[in-house]
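Report on one structure; see the data block that follows.
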Amino acid sequence: MWRAAAVRALRGGGAGGPRAASGAAAAELRRRLESELEDIRGAGTWKSERVIASRQGPHLRLAGGGGGACGAGGEEEGSLYVPAVRYARFSVSVHAGIINFCANNYLGLSSHPEVIRAAVEALEKFGAGLSSVRFICGTQSIHKDLEEKIARFHQREDAILYASCFDANAGIFEALLTPEDAVLSDELNHASIIDGIRLCKANKYRYKHMDMQDLEAKLQEAQKHRLRLVATDGAFSMDGDIAPLREICQLAQKYDALVFIDECHATGFLGPNGRGTDELLGVMDKVTIINSTLGKALGGAAGGYTTGPKPLIDLLRQRSRPYLFSNSLPPAVVGCASKALDLLMESNAIAQSMAAKTQRFRSKMTAAGFTISGKDHPICPVMLGDARLASVMAEDMLNRGIYVIGFSYPVVPKGKARIRVQISAVHSDEDIDRCVEAFTEVGRKHGALP
Ligand code: PLP
């Protein structure tokens with residue numbers, strides 16, 4: 001008997017099952033973690049994850065009954081298509097799958113056949129990965145080619161790749177700024193900018209969201225420092241609003257500051273040629289540093305970068321910790337991004353198609369009586385105010401085959417709950433119209449519309 005128990009203990013209880021660490025410290029840790037998790041559930045801020053069983057795209061299949069908040073399931077474990085019959089009781093046409101309005105797949109390149117083919121080719125030619133950081137033996141010709149392409153796309157001197165834009169943001173401020181310098185940051189900047197700034201030793205100023213008077217006051221205060229860097233998201237992902245870069249650059253010029261923008265929600269589609277917020281607002285020559293992602297419009301795989309003056313990029317290769325101490329981007333990921341940039345540099349047709357669909361959604365929703373925050377951006381927050389309303393409406397939208405997400409406090413300010421809709425170039429006009437129809441039905445049902 002003791003032998004069977006010992007074998008079970010060695011195996012963690014069952015054949016290959018999880019092993020629970022023993023001891024008082026492990027038990028105390030488990031108790032504390034469970035209590036913290038309970039607090040998160042109690043606060044209503046628990047984030048559940050739906051499991052997708054298809055490629056990323058405008059139409060999705062959900063795995064095993066939808067998972068999490070998908071709700072009205074009934075599918076068997078492992079069945080892939082959410083059965084059309086599931087929607088039959090809600091007066092919508094039969095539709096195999098969910099129409100997805102919550103990915104950052106703005107240009108629909110995540111599952112573009114040429115992007116996938118480029119990834120497969122890179123995988124076959126350059127292997128699965130480098131098992132190395134860049135400066136030891138992790139730099140391949142495709143990494144150099146992609147960096148050159150990114151710099152050319154943004155019309156900058158050079159570029160450096162990271163495993164993510166989170167890393168690019170975490171690695172830049174510390175490498176660039178010293179205690180003699182100052183960084184001025186929009187209060188609603190992305191978490192990765194906030195964390196990157198925390199890591200640096202520069203003097204920190206936080207200005208009110210897109211408030212140019214406040215930025216000017218902070219720039220005046222920061223005149224005593226050697227170097228000033230204004231840091232802002234180009235487009236803010238919760239509100240779909242675009243930073244007033246023209247005014248920011250004018251102030252930067254007046255107070256001798258540099259401008260840094262995070263272009264994760266702009267690269268590839270804002271501006272006449274999709275170069276981003278700086279192109280849209282005519283200040284490409286006034287913004288010094290751009291950080292952006294390969295994980296959204298540019299194929300959606302993963303990866304991030306900094307592009308800007310060559311000496312800055314050279315310094316990041318020497319000093320930026322997430323670059324120095326983390327593995328090189330896998331070849332397949334590099335292949336995806338490289339092909340996505342080729343497609344965008346060949347033609348701006350995809351970006352224009354997305355802009356037209358964004359316009360269709362925004363104008364039809366406004367005509368239906370909804371308030372859509374932001375302007376001309378594919379992030380279209382449908383403002384509802386009440387957290388519960390946003391949550392039940394999002395749930396009911398999914399029941400009608402439309403996948404959207406409700407956001408409420410603490411992700412957005414109290415009283416500003418909303419459902420965020422993200423438009424992609426690969427949505428059809430019919431997809432957009434179905435989404436508007438569903439919003440109208442659900443909005444009437446729950447009292448968001450008269
Ligand atoms: N910056 C902004 C504004 C973002 O929205 C995101 C992603 O959510 C990031 C940075 C991080 O990008 P990545 O996913 O490449 O780490």
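The values are calculated or read from the model by the stated rules, or taken from the named source; none is laboratory data. As the structure is a prediction and not an experimental result, all values here were calculated from the model. Because the Cβ atoms are built from the backbone with ideal geometry, glycine has one as well, and the counts that use them run over all protein chains shown. Calculation scope for accessible area: heavy atoms of the full protein, side chains included, ligands and nucleic acids excluded. Shrake-Rupley method; radii C 1.70, N 1.55, O 1.52, S 1.80 Å.
Quick notes on this one:
- Note on the stretch 122-136: residues that are surrounded by 15 or more Cβ atoms within 10 Å (Cβ to Cβ) and assigned to a loop (DSSP other than H, G, I, E, B) amount to 2.
- Number of the exception - Thr139 against (1) in a helix (DSSP H, G or I); (2) among the polar types (S, T, N, Q); (3) away from the ligand (no atom under 16 Å from the Cβ): (1)
- Looking across the stretch 394-450, the residues that are more than 16 Å from Arg362 (Cα to Cα) and charged (D, E, K, R) come down to Glu395, Asp396, Arg400, Lys414, Lys416, Glu441, Arg444, Lys445.
- Evaluation of Thr232 against (1) in contact (Cβ under 8 Å) with a residue 60 or more places away in the chain; (2) more than 19 Å from Ala151 (Cα to Cα) (one fails), failing number: (1)
- Residues located in the stretch 34-50, provided they are of a type in the set (Val, Ile, Thr) and touching a residue at least 12 places away in the same chain (Cβ under 8 Å): Thr45
- All positions within the stretch 152-181 that are more than 16 Å from the ligand (Cβ to nearest atom), closer than 24 Å to Phe325 by Cα, in a helix (DSSP H, G or I) and open to solvent by less than 30 Å² (accessible area, probe 1.4 Å): Ala175
- Conditions (1) in contact (Cβ under 8 Å) with a residue 40 or more places away in the chain; (2) more than 19 Å from Lys286 (Cβ to Cβ); (3) out of contact with any Phe, Trp or Tyr (no Cβ under 7 Å at 6 or more places or on another chain); (4) within 15 Å of the ligand (Cβ to nearest atom); number of the one not met by His209: (1)
- Listed by first and then second residue, the pairs with beta-carbon distance under 9 Å, at least 6 apart or on different chains, first residue in the stretch 421-450 and over 19 Å from Gly108 (Cβ atoms) and open to solvent by 40 Å² or more (accessible area, probe 1.4 Å), second modelled with pLDDT of 95 or more and not aliphatic (A, V, I, L, M), are Glu437/Arg400; Glu441/Asp396; Glu441/Arg400; Lys445/Asp396; His446/Asp396; Pro450/Gly369; Pro450/Arg444.
- Within the stretch 409-420, the set of residues being surrounded by 23 or more Cβ atoms within 10 Å (Cβ to Cβ) and touching a residue at least 40 places away in the same chain (Cβ under 8 Å) comprises Arg418, Arg420.
- Test: Leu184 is away from the ligand (no atom under 14 Å from the Cβ) and not in a helix (DSSP H, G or I): yes
- Filtered residues of the stretch 187-205 (kept if buried (at least 19 other Cβ atoms within 10 Å of the Cβ) and either within 16 Å of the ligand (Cβ to nearest atom) or in a helix (DSSP H, G or I) (or both)): Leu188, Asn189, His190, Ser192, Ile193, Gly196, Ile197
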